[in-house]
Amino acid sequence: MSSVRTTIGVVTLPLLLLLQGCVSARLAQFSGFSQAGVAYVKASGTFIDEAGSAAIRGDSALLLKARPDLPQPERRERVSTANKLLAQRLLLLRQIKRHGQLLQDYFEVMGSMADSKAPESLGAAAQGVYDSLAKLSSTLKDAKIGSSTVSDFIPSVVPIVVAPLKAKTLEKELRERGPLIERELALQEAMLAVVSQEIKTDLSVELNTQVTQEVINPYVSAGEVPDDWAARREEILSATVASQSAGAAAQAANELRLGFQKLAANQFDSAALSSLIVDINSILDLAEKIKPPNPGV
Amino acid sequence: MDDLAGLYTSTLRVLGDTLVTMTSPEWDATMQEATATQRTNAARLMLRVQEARLTLANKALGDILDELAANEDGLQKGIKQLQDALDVFDKVERVLNRISSILSIVGRIVPLVA
C-alpha cells in the first residue's frame, strides 16, 4: 500500500464518523468532500505522472525493438523525431496535472468556507482560483492527447442545485460558481478518459516486449532460465491485466463530479463519501500496478 | 464533423492496435522466418506508425479537418483493410502492405518524416 493511500485512509475514517454523528453534519459534508477532493487530485497526479512515464517507456521499447534492424544513419532521425513528439505529449500531461492542482486549491478554499463564521474574503480567494482554472481549461479543451479531442469527451452538464446553508459565504460561493466548477470537474473527467485510452496502448506495447524478452525468449532458449524468471513473469502478466483497467481514473473523476452535485443539494452522505474514497484508492492501486516491475534496476 | 471525429478516432485506434500487434510474441515468432529486408521494412514501418500516432494525437482536430475530409474514403478503406489484416494476421507481408497503405494516407493529412 502506498503512503499516499495510507494518508487517505487515515483522513477518511474520522470524517465518516463526523458525517454520521455531528449536529453540523451539513458543514462536515463540505469538509469531507474538500479533503476527498484534495486526495483525488494527489491520486490523479500520480496517475498522470505514470501516463507520461508509460508513454516514454512504450516509445523506448519500440525504438529498442527496431534498432537492430534499422540502418545506422536512420537511427538518429527516428529517435530525434520521437523525442520531439513525446515532449509535446508531456507538456499536455503537465497542463492536465496543473488543472488538477488548481482544483485542489479550490477544494481547500471551499473546505475553509465550511464554517458559519468564515470570512467573506474567502470568496475572493475562490474567485482567484477559478479565474486561473478557466484560463487553463480554455487551452485544454482544444488539447489532443489521444484518440479524440478532449472536448469530445466532456460529459453533459449536471445541474447544480444549492440547498440553503448556515455558512453564508459558502452558500454564496456555490450559487455563483458551483455550475462553473462542475464544468471544470467535467473537463478533468474528460481528460482522464483520454489519458486512460492512451496509457492502455503505451503499456501494452511495453509489456508485450517484456513478455517476449523476459518471459518467452529465456524459456524457449537452450540455456537455464534466470532465477527470477517466475517472479518476473508474475509481475509482467499482472501488470498486463492491470493496464486494461486504466479507466478507473476517469471513473473516480466522474464520482467526484457527481459527488459535488450531491454536496450542493445536501445529498452527499457518508455512503457517497465512502464510495468516492474507494474510487480514489483505485487510482492509486492502478498507478502502483502499472509502474515498471523493477524501477531503478 | 461527427463522422470526421469518428474517423480520426478510428485511425488512431487502428494505429495503436498495429503497434500492439507488432510487439506481440506472435508477431515476433512469425518474424523469425523473415528475411533481413523484411525485418528492416517491418522495423521502419513500426516506428513510422508510432510517429503517425503521436503526430495525429498532438494535432487539434480542427487543424486537419480539411485534410481528413479530402482523404475520408481512402482512410476508411485503409482502416478496414488493416484491421482485417491484424485480426487474421496470417501473412506478415500482407500486414506490412496494409500498414504502408494507411501511412501513405495519414502522410497526406499530417506531415511525417519519411
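The values are calculated or read from the model by the stated rules, or taken from the named source; none is laboratory data. Not measured: the values here are computed from a predicted model. Cβ: placed from backbone, ideal geometry, glycine included. Neighbour counts: every protein chain shown. We work out accessible area using only protein heavy atoms, side chains counted, and drop any ligands, DNA or RNA first. Shrake-Rupley method; radii C 1.70, N 1.55, O 1.52, S 1.80 Å.
Mean partner shielding of peptide A:202-210, defined as the number of other chain Cβ atoms within 10 Å of each residue Cβ, is 4. A helix-only calculation puts chain A at -26500 deg cm²/dmol for mean residue ellipticity at 222 nm, using -39500 (n - 2.57) for each DSSP H run of at least four residues, averaged over all residues.
Helix A:121-140 and the longest principal axis of the Cα set of chain A meet at an angle near 30°.
To the nearest 10 degrees, how steeply does helix A:25-66 sit against the main Cα axis of chain A, on a 0 to 90 scale? That works out to roughly 20 degrees. Hey, what angle do you get for helix A:168-210 against the long axis of chain A, alpha-carbon based, 0 to 90 degrees rounded to 10? So the helix axis and the longest Cα principal axis differ by about 10 degrees.
Beyond 16 Å, the tail of the calculated P(r) for the stretch B:67-114 holds 39 percent of the Cα pairs.
Remark: chain A projects, on average over all directions, an area of 17.6 nm² (convex hull of Cα atoms).
DSSP loop GluC sites (Glu not before Pro) in the stretch B:26-90 with at most 10 other Cβ atoms within 10 Å of their Cβ, which ones?
Details: sites: B:GLU26, B:GLU33, B:GLU51, B:GLU67, B:GLU72; in loops: B:GLU33.
Sites meeting the loop and neighbour criteria: B:GLU33.
GluC sites (Glu not before Pro), restricted to the stretch A:199-291: which are DSSP loop and have at most 16 other Cβ atoms within 10 Å? Sparse-neighbourhood loop GluC sites (Glu not before Pro): A:GLU224. Take the Cα of A:ALA222, step 7 Å toward its Cβ, do the same at B:GLU93, and the gap between the two points is 3.2 nm.
Show me you know the interface measure: the accessible area buried between A and B, both chains summed, probe 1.4 Å, in Å² to the nearest 100.
2800
Computed on the Cα trace of chain B, the radius of gyration divided by the Kirkwood hydrodynamic radius gives Rg/Rh = 0.98. For chain B, the per residue solvent-accessible surface stands at 44 Å², with DNA, RNA and ligands left out and a 1.4 Å probe. Rounded to the nearest 0.05, what FRET efficiency is calculated for A:LEU64 and A:ALA231 with R0 set to 22 Å and r the Cβ-Cβ distance? After rounding, the FRET efficiency stands at 0.45. Quarter the surface of the alpha carbon convex hull of the stretch A:38-98 and you get the mean projected area, 4.1 square nanometres. The residues of chain A present an accessible area of 45 Å² per residue when probed at 1.4 Å with all protein chains retained. At q = 0.11, 0.24 Å⁻¹ the log10 of I(q)/I(0) for the stretch A:229-297 amounts to -0.38, -0.97, computed by Debye summation with a single uniform scatterer per C-alpha, solvent ignored.
The share of accessible area on chain A that comes from carbon and sulfur is 55 percent, using a 1.4 angstrom probe. Comparing the full protein assembly with the isolated chain (1.4 Å probe, heavy atoms, ligands and nucleic acids excluded), the residues of the stretch B:51-90 losing at least 40 square angstrom of accessible area are B:ARG53, B:LEU54, B:ALA57, B:ASN58. Accessible surface of chain B, 1.4 Å probe: 46 percent of it comes from carbon and sulfur atoms. Note on A:LYS289: lysines with a C-alpha under 30 Å away, same-chain residues under 8 apart excluded, are A:LYS42, A:LYS65, A:LYS84, A:LYS97, A:LYS141, A:LYS144, A:LYS200.
For chain B, which DSSP H helices look membrane-span-like by this rule: Cα extent along the axis of 20 Å or more and mean Kyte-Doolittle of at least 0.0?
For chain B, where a helix must reach 20 Å along its axis and average at least 0.0, the hits are B:2-22, B:92-109.
Mean partner shielding of peptide B:13-26, defined as the number of other chain Cβ atoms within 10 Å of each residue Cβ, is 5. Taking label points 7 Å from Cα along the Cα-to-Cβ direction, A:LEU180 and B:MET31 give a separation of 5.2 nm.
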